[in-house]
Amino acid sequence: MAAPRSWALWSLCGRGLSRVMPGCTIPGLRSSWPRSPLGARPLSQEKRATETHFGFETVSEEEKGGKVYQVFESVAKKYDVMNDMMSLGIHRVWKDLLLWKMHPFPGTQLLDVAGGTGDIAFRFLNYVQAQHQRKQKRQLRAQQNLSWEEIAKKYQNEEDSLGGSHVMICDINKEMLKIGKQKACAGGYKAGLDWVLGDAEELPFDDDKFDVYTIAFGIRNVTHIDRALQEAHRVLKPGGRFLCLEFSQVNNPLVSRLYDVYSFQVIPVLGEIIAGDWKSYQYLVESIRQFPPQEEFKEMIEDAGFQKVTYENLTSGIVAIHSGFKL
């Protein structure tokens, strides 16, 4: 099945998961949607019969959502460690490049989908805070008559440290969000972020809500990629930007052969040794090979309504950053 559309708002450092109660309204969230238990979305008989892929395995669409959920529930605690081991740390550079390409300004409203452990969100907050501080310093230098107390007050105002920027982290897997919350608390990220349990195919947000939509290494796990892209387009403001960082098709034959050997013979072994889970990492490797190549995915983004769609290959096409605008 496709992933469920139930959602929840997470308090940043509180315990557990609390659902928004009836009558409680959160700006920008679709609180009127019907609630359903995890894994219980009604499907027609025709839809249940539709087949898709789960790695190299053929499964029904009804099955895939549950299988993907189980994968990430299983790997959540070792997810960041395995990312470092599998990519030899290069995933950090790829994510930094995504932020540099985004170039957010203070006041930017970001939706990070499939962002459970917070890697993109934390980079975003660091980036806009640094931008805001540089702007603040320029303004202070231009105001020569401010007292010491006035200057100190401006620097100590935590609510203003992000210049009004905010990131909403949305993930379908509560275990991934739990790890992200723990990292946020440990890293001192208190302002400018919220955590929502939700489905990329049916986002629980109003239309025209966000300036930027990001999804890093997540869209290939979605059952219906076209629906996820349409939802991205819906929730972005006019002029908003879609950015996707995803594994792609290697464009160098030698690198491709080495990459295949490493992927299929090393990564599952690392998964077994570090996370105690061979099968999940076998699926992750296979899912990369099933994802559309760069040009085909570019066309899918355009079909969802985005314009000025481009992509940039990184590390010989092992990953690519896709960009599009809602115009």
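Here are the numbers for the structure shown:
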item	result
Where Arg138, Arg92 fall by accessible area, highest first, once all protein chains stay in place (1.4 Å)	Arg138, Arg92
Ranked order, Glu202, Glu299 - accessible area, probe 1.4 Å, largest first	Glu299, Glu202
Thr315 - accessible surface, heavy atoms, 1.4 Å probe, Å² rounded to 10	70
The range 231-327, accessible area per residue, ligands and nucleic acids excluded (1.4 Å, Å²)	45
Relative contact order (%) - criterion: Cα under 8 Å, at least six apart; region: the range 233-327	46
Point-charge dipole on Cβ atoms (K/R +1, D/E -1) for the range 201-325, about Cα centre, debye to 20	300
With every protein chain in place, the range 230-318: carbon and sulfur % of accessible area (1.4 Å)	53
Thr108, Thr52, ranked by accessible area, largest first (probe 1.4 Å)	Thr52, Thr108
Stokes-Einstein translational diffusion, the range 265-327 - Kirkwood Rh over all Cα pairs, 0.890 mPa s, 25 °C, in µm²/s	180
Relative counts (whole %) of C-alpha pair distances in the range 163-271, using bins that are 10 Å wide	12, 34, 30, 20, 4
Taking the C-alpha atoms of the range 211-326, convex hull volume expressed per residue in Å³	102
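The values are calculated or read from the model by the stated rules, or taken from the named source; none is laboratory data. Predicted model, so just to flag it, every value in this text is computed and none were measured. Note that we place each Cβ from the backbone using ideal geometry, even for glycine, and neighbour counts take in every protein chain shown. Accessible surface is based on the protein model in full, side chains and every heavy atom, while ligands, DNA and RNA are left aside. Shrake-Rupley method; radii C 1.70, N 1.55, O 1.52, S 1.80 Å.
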